[in-house]
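J.: Below you will find the structure I want to go over with you.
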Amino acid sequence: MNQTPTSAESSPAEDDSDNAPPGPRRGGRFPAAARWTIVFTVVILALVVAIWPRGDDRDSGTEAPPTATGVNVTDAPVDDAQLAQARSDAALPPCPETGLPAGPQAALAGVTVPCLADGADYDIGAGTAGRPTVINMWAVWCLPCRRELPVVDDYAQRAGDQVNVVAVHAQEGAQNPYMALRFLHENDVRLPSVLDTDAEIAAALGAPRVFPSTILVRADGTVAKVLPQVFHQPDEIADAVQQYLGVTT
C-alpha cells in the first residue's frame with residue numbers, strides 16, 4: 001500500500017510523484033477542514049472562559065462571587081487616617097434608633113453589627129423596633145447595586161420617619177468599611193448603613209445570596225416579604241411597601 005510522504009526529505013526511490021494518480025493533496029494526518037474545526041472549537045472555548053460572568057448583571061440581581069484564596073481588593077487594608085477621611089467624605093446619617101425594645105418575634109433581635117457611619121456596634125433589632133423597615137442588601141462589587149442604591153436613597157428621603165430604611169453591605173467585602181464608604185460617597189448615597197460582617201442579618205432575614213435584594217420587615221420585626229430584584233424608581237419601592245407593609249409613603 002502506497003503512503004503519501006509527510007516530509008520534504010523523502011528519497012528519490014520513495015518519491016513516485018510522477019506515477020501517482022491525480023487527486024487532492026493531503027497536508028497532514030487530518031484533512032484541512034478537520035484541523036480548522038479543531039482550531040475554531042479551541043478559540044470559542046477560550047472566549048467562553050474569558051467572558052463567562054463572575055457575577056450576573058441582571059435585573060433579577062447579582063449572585064455573590066465565589067470565595068477565593070488570597071487578598072481581594074475589597075479586603076485590602078487601609079490606615080486609620082484613610083478610613084477617617086472616608087467616613088468624613090461619606091457623611092452618612094447615624095443608624096436608626098427608635099428607643100423601643102425588639103419584639104419577641106423580631107427576626108433581628110440580638111443581632112449586633114458595625115454601623116458604617118461611625119464603626120460602633122449597633123443592635124439593629126432594637127434600633128429598628130416598632131417601625132416598618134426596608135432592608136436593602138448590597139455590595140461594592142455588585143453593578144446593579146450601583147444603579148439601585150440612589151433610588152433607595154431617594155425613597156428614604158421621601159418616606160421620612162414613616163419607615164426605617166437601612167442599607168446592609170453583604171458579608172463578602174464587609175470586612176473593609178473603607179471600600180463601602182468610598183462606594184457610597186462616589187454614588188452620592190446618604191443612607192443609614194451597616195456591615196453584615198458575619199452574615200447574621202442575611203441569616204436572620206432569610207436573604208438570598210442575590211444582590212441587590214430588599215427585605216420588608218414589619219413593625220413587630222417579622223419578615224413581610226423578600227424581594228430579590230432591582231428597583232428602578234422610588235415609586236416601585238413605595239408600591240411594595242404599601243402592598244406588603246400597609247404603609248403609604
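J.: Against the condition open to solvent by less than 40 Å² (accessible area, probe 1.4 Å), in contact with a strand residue (DSSP E or B) (Cβ under 6 Å, 6 or more places away or on another chain), of a type outside the set (Asp, Glu) and more than 15 Å from residue 216 (Cα to Cα), how does residue 113 come out, does it pass?
T.: Yes; evaluated as a whole, the condition is true for this residue.
J.: Consider residue 104 carefully, then state whether it is open to solvent by 50 Å² or more (accessible area, probe 1.4 Å) and either under 25 Å from residue 154 (Cα atoms) or in a loop (DSSP other than H, G, I, E, B) (or both).
T.: Considered against the rule, which asks whether it is open to solvent by 50 Å² or more (accessible area, probe 1.4 Å) and either under 25 Å from residue 154 (Cα atoms) or in a loop (DSSP other than H, G, I, E, B) (or both), residue 104 comes out as yes.
J.: Could you list, in sequence order, the residues of the range 93-141 that are without any contact (Cβ under 8 Å) to a residue 12 or more places away in the chain and among the charged types (D, E, K, R)?
T.: Selection gives 121 alone.
The values are calculated or read from the model by the stated rules, or taken from the named source; none is laboratory data. All figures in this text were calculated on a predicted structure; none of them were measured in a lab. Cβ coordinates were reconstructed from backbone atoms using ideal geometry, including for glycine residues, and neighbour counts include every protein chain displayed. Note: areas computed on protein heavy atoms with side chains; ligands, DNA, RNA excluded. Shrake-Rupley method; radii C 1.70, N 1.55, O 1.52, S 1.80 Å.
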